[in-house]
Amino acid sequence: MRVIAGKAKGTKLASVKGLATRPTSDRVKEALFNIIDWKIPGSSFLDLYAGSGAMGLEALSRGAELVVWVEADRACCQQIRKNLDRTKLQGGIICASPVLPALARLSRKGQQFDIIFLDPPYGRGLVEKTLASLADSTLLKSGGIIIAEASKKEEAPSSVSKLCLEQMRTYGETSLLFYGWEGSQ
């Protein structure tokens, strides 16, 4: 696992050992960032269920102004800090918290993001629950995008409240689901 492009290109990243995390493959990460690359410079990026922090680090490396990682597992939070130190990138905040309470706190603070990425554990219905929480908040800026990584075996909701599925891409066993505000295309 490595940073693919930008200021920290080629920096090797580590993840927490064991089966608790499932890092996004470099192939999927590269495909995703090729699709959204034009939105990254100067953006605010929210990385939910962050694991090793690789997705947010890729965004920072490519010019995101702010990245907030949300991760409940303390060992993962420590790994994000180590990976952030290894890349020497600036502009990152680590939020050690379960995702849904963190979303409520960020929303109360008036925080907003251009890009929200979520990669919850597969098969637990967390994509739809997280999308519902995001739809009921003001966290996604107008014109912003939410990207959910899920198993291709999971049913992708076509809409959740005013969030609509705009496109879906599949890479092996992984699907990337792109959501935006209704009527924002």
Enter the accessible area of residue 168 (Å², nearest 10), with the probe set to 1.4 Å and all protein chains included. 110 Å²
Once amide H atoms are built 1.01 Å from N in the peptide plane, which residues 5 or more positions from residue 145, or in another chain, come under 5 Å H to H? 115, 116
Determine ³J(HN,Hα), in whole Hz, for all residues of segment 164-175 in sequence, where each value follows from phi through the Karplus function 6.51 cos²θ - 1.76 cosθ + 1.60 and θ = phi - 60°; x replaces Gly and Pro. 10, 5, 9, 6, 9, 10, 10, 10, x, 8, 10, 10
Could you tell me which of rounded, prolate or oblate describes segment 101-184, using a ≥ b ≥ c as the square roots of the eigenvalues of the alpha-carbon gyration tensor, with rounded for a/c under 1.5 and, failing that, prolate when a/b is larger than b/c and oblate otherwise? prolate
When each of 12/153; 141/162; 17/82; 82/153; 39/152; 29/162 is checked by Cα-Cα distance, pairs over 22 Å: 12/153; 82/153; 39/152; 29/162
Note the full-extension length gain between residue 141 and residue 25 as 0.36 nm times their separation in residues minus their Cα-Cα distance, in nm to one decimal. 39.0 nm
Heavy-atom accessible area per residue, segment 67-148, 1.4 Å probe: how many Å²? 46 Å²
Restrict the search to segment 92-149; then list the trypsin sites (Lys or Arg not before Pro) that DSSP places in a loop and that have at most 13 other Cβ atoms within 10 Å of their Cβ. 109, 124
Nonlocal amide H pairs with residue 174, under 5 Å, H built at 1.01 Å: 152
On the accessible surface of the chain, probed at 1.4 Å, how many percent belong to carbon and sulfur atoms? 49 percent
Treating only Lys and Arg (+1) and Asp and Glu (-1) as charged, each at its beta carbon, one finds that the chain has a dipole about its Cα centre, in Debye to the nearest 20, of 660 debye
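The values are calculated or read from the model by the stated rules, or taken from the named source; none is laboratory data. These numbers were taken from a predicted model, which means no experiment stands behind them. Note: ideal-geometry Cβ built from the backbone for every residue, glycine included; neighbour counts use all protein chains shown. The accessibility values were calculated without ligands, DNA or RNA, using every heavy atom of the protein model including side chains. Shrake-Rupley method; radii C 1.70, N 1.55, O 1.52, S 1.80 Å.
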